[in-house]
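Just so it is clear, none of the values below were taken in a lab; they were calculated from the coordinates. As the structure is a prediction and not an experimental result, all values here were calculated from the model. FYI the Cβ positions are ideal-geometry reconstructions off the backbone, even for glycines, and counts take in every protein chain you see.
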Amino acid sequence: MSIRVQTAVLGLAALVAAAGAFLWIHTHTDRTHPALASTPELSSAKPSESPRPAKAPEPPTERRRSEAEPDAGIPRPGEVLEFAADVSKLSNVANLRLQVLGRSDFQGKSAWHLRAFAHTENPLRMIFELDDQFDSYSDAGSFSTLQYEMHLNERGEKVNSIQRMIAGPEDRTASNVTATHVLPGTRDPLGLMQYLRTVDWAKTREIRGPVYDGHKLYDVSASASGSSQNVTVPAGTYSASKIDIHVFDNGVEMKDARFSLYLVNNAARTPVLLEAVLPFATAHVALVTAK
């Protein structure tokens, strides 16, 4: 298996959490593991300047939650979703887990603690060992990021990053935490996934906003595609809505990759399948179990 396809597997793990954005980021970088810095790659600002995007994405397009569905798509504490990833003709190359650990106070704000794990499986694991953990503390109302953590173990190389998101005047952070300047309303991949579940796609044409992957700020849009359809995954057959996801870098859409997320038409709006079509591979990330 080529190094490029191996890298795609890493992106797939992030894809489930990122709802598409993170996969693209990982498959279009040359780094073998994230190069951590004290500021994200948002601009070419001088070292003495506070980093800001060279070309800011459009402000997030939000919608108010329907009065008739106040709890639709809201995370359930203790929820665990297990996924299996296939790449082209290779089955179960990685297993992925999304968890909702709970809701509590974080730096004076009500926040959800979200977590994702990604692990490669044999035979791929013998040549590309990956054990990654991602943690998000997301605002309980908007799912904008308060803190994003990456604990990576890839081919024996370990990297730990804890980034506090700063969208206004900088406050004091702990010595082991990096202050990262982002746009107001910025979400990380885990927060984005949960936010997409709260959207009433029968009434909403599109949502759009900034997403920070731990290194760079992107603009991501998502829109419903057509009517509901039956989707069969290892966990069962479901009636689901297809959500098309588009990623923009400095205002320009990345056109040589396509992403689709399928959400069950139930109160939880459970993600059951994510498809990615890339120039060199087609990927499917399917739900195996939901607890």
Q.
What translational diffusion coefficient, to the nearest whole µm²/s, does region 128-212 have by Stokes-Einstein, given a Kirkwood radius computed over alpha-carbon pairs, a temperature of 20 °C and 1.002 mPa s viscosity?
A. 150
Q | Furthest towards positive pole of dipole, Leu190, Thr289, His246, structure part region 190-291, Cβ charges | A | Thr289
Q. Considering every pair of different Cα atoms, what Kirkwood radius, in Å, is found for region 105-150?
A. 12.1
Q.
To make sure I understand, if each residue's beta carbon is the centre and we count other beta carbons within 10 Å, what order do Asp256, Asp200, Asp219, Asp188 fall in, fewest to most?
A. Asp256, Asp200, Asp219, Asp188
Q | Normalised per residue, the volume of the convex hull around the Cα set of region 232-287 (Å³) | A | 84
**Q.** 4 °C / 1.567 mPa s Stokes-Einstein diffusion coefficient of region 164-291, Kirkwood radius on C-alpha pairs, µm²/s
**A.** 79
Q: Report, in debye and to the nearest 20, how large the dipole of region 69-227 comes out about its Cα centre when Lys and Arg carry +1 and Asp and Glu carry -1 on their Cβ.
A: 160
Q.
Based on alpha-carbon centroids, what's the gap between region 233-272 and region 71-113 in Å, whole number please?
A. 15
Q: About the Cα centre of region 243-291, how large is the charge dipole given +1 on each Lys and Arg Cβ and -1 on each Asp and Glu Cβ? Please answer in debye to the nearest 20.
A: 280
Q: Using the structure shown, select from Lys158/Lys216; Lys216/Lys291; Lys216/Lys255; Lys109/Lys158; Lys109/Lys203 the pairs with a Cα to Cα distance greater than 26 angstrom.
A: Lys216/Lys291; Lys109/Lys158; Lys109/Lys203
Q.
Between Ser223 and Asn153, how high is the FRET efficiency from 1/(1 + (r/R0)^6) when r is the Cβ-Cβ distance and R₀ = 41 Å? Nearest 0.05.
A. 0.70
Q) If Lys and Arg each add +1 and Asp and Glu each add -1, what is the summed charge of the other residues whose beta carbon sits under 12 Å from the beta carbon of Asn160? A) -3
